[in-house]
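Following: one structure in structure tokens, then a few remarks.
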Amino acid sequence: MSAEIKIVFTGTVGAGKTTAIASVSDRPPVATDALATDDTGALKPTTTVALDYGEMRLPDGDKLRLYGTPGQHRFRFMWEILAKGALGFVILVDNTRPSPLEDLAGYLDNFGPWIERSAAVVGVTHGEYCRGPDLEQYHEFISRREAAHPVMFTDPRQPRHVITLMDTLLAALEFSTASADGAPET
Amino acid sequence: MRQPKQPPAISKEAAKACDEAIDAMLAAYPDLHGALVSTADGHVVATRLPQGWERGDVAAMASSMTALAESVSQRTALSRCRNVIIEGEGGHITLLKVDRALTLTAVGKPTMNLGLQLSACRSCAEQICRSMDAQADGVASSTGSTRAHR
């Protein structure tokens, strides 16, 4: 019997969450864009204010339900609504922002309780050639938090990049499930 | 009362027009708890909500609710969403798009008739649009430019 797996895409404003879901969704994605009236307008004319939703069928028949969160903190109530029942998180970080590692920390903190029970993968967007942190710095940063989330550069416009992110996430999920199964009882 | 910081895309004059329109609505309909005008992306523009209500949260949630309602409405072939109605045990909340950039949220007491509340909100939204049109006309005539705020 095929399963349905809920994946949540979150991350900074303009990191590419809506684009990533649209890249791989088998059906026209649901988007809730509104005119950006603040600094976001300098990045893009509209911004997600409730959620994005898309679906992706896997070769084995399982279905991924892909939810995107708004990036801004004022929509935090949507983060909590969307995180419920999620089996995995894709955190997209815009590497051109002033403090991408702090941005990442914010999302890891906010989604921490849910990520602890599932898995997360970090996608670094907007260029591996900019002056932002490199992958090693991301790995070090995550290790200092005593976590082991996979990190990779990604282009949300490229379906194969987004699929790689999700393959990695599913592998991390399997690993965390296997680890939990094999863990000695305390 | 401290005035909310205006989002850059909303002029002080537009915010003043919103203030005046919701003041007039609340004066005419005492069975409304309060009202708020917010941008489509969830910033407060003008607010007359009872003390202790978190207006920033209300503005962001109004933005999410209207965007979701618009999506549902279009996906179910109902075309554009005219308004959103939340029926609580203690009254109704109505959300109405003023224009592409602004949303009007009104909170009614249990004694407020829903039809009356919607009618009051439509009138308030029209008043805001008229004021903003008049302001745009004034700017256009002083600069010789054409307007297209909606």
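Readers should treat all values here as calculations from the given coordinates under stated rules, not as data from a laboratory. In this text, all values refer to a predicted model and were calculated from it rather than measured experimentally. No Cβ is skipped: glycine too gets one built from the backbone with ideal geometry, and neighbour counts run over all protein chains shown.
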| Distribution of pairwise C-alpha distances over region A:28-138, 10 Å bins, in % | 12, 39, 38, 11, 0
| Under the Karplus curve 6.51 cos²θ - 1.76 cosθ + 1.60, θ = phi - 60°, whole-Hz ³J(HN,Hα) for region A:30-39, x wherever Gly or Pro sits | 7, 10, 10, 8, 10, 4, 7, 9, 10, 4
| request: For region B:12-139, calculate the relative contact order in percent as a whole number, restricting contacts to Cα pairs under 8 Å that are 6 or more residues apart. | output: 27 percent
| remark: Output for region B:12-139 (equivalent-ellipsoid semi-axes, sqrt of 5λ from the C-alpha gyration tensor, Å, descending) is 21, 19, 14
| note | Averaged over residues of B:34-46, the number of beta carbons from other chains lying within 10 Å of each residue's Cβ is 4
| request: Please figure out what share of the DSSP beta bridges in region A:57-177 is antiparallel and state it in percent, rounded to the nearest 5. | output: 10 percent
| note | Interchain or sequence-distant (5+) residues whose placed amide H lies within less than 5 Å of the amide H of A:K6 are A:R65, A:L87
| field | Antiparallel DSSP beta bridges within region A:1-67, as percent of all bridges there, nearest 5 | value | 65 percent
| query | Quick one: if you stick a label point 7 Å off each Cα along the C-beta vector at B:S119 and A:E174, how many nm between them? | reply | 6.4 nm
| query | So what are the three principal axis dimensions of the protein assembly as shown from its Cα atoms, in whole Å, longest to shortest? | reply | 68, 48, 39
| field | Average other protein chain Cβ within 10 Å of Cβ, residues B:98-106 | value | 1
| query | Taking A:K63 as the anchor, which lysines have their alpha carbon closer than 29 Å to its alpha carbon, excluding any fewer than eight residues away along the same chain? | reply | A:K6, A:K17, A:K84
| MRE, 222 nm, helices only [DSSP H, n ≥ 4, -39500 (n - 2.57), over chain A, to nearest 500] | -10500 deg cm²/dmol
| said: Per DSSP helix of 4 or more residues, -39500 (n - 2.57); summed, then divided by the residues of chain B. What does that give at 222 nm, rounded to the nearest 500? | reply: -16000 deg cm²/dmol
| note | Here chain A gives, from Cα atoms, an Rg and Dmax in Å of 15.9, 53
| said: For chain B, take the longest principal axis of its alpha carbons; what is the angle in degrees between that and the long axis of helix B:55-75, to the nearest 10 within 0 to 90? | reply: 90 degrees
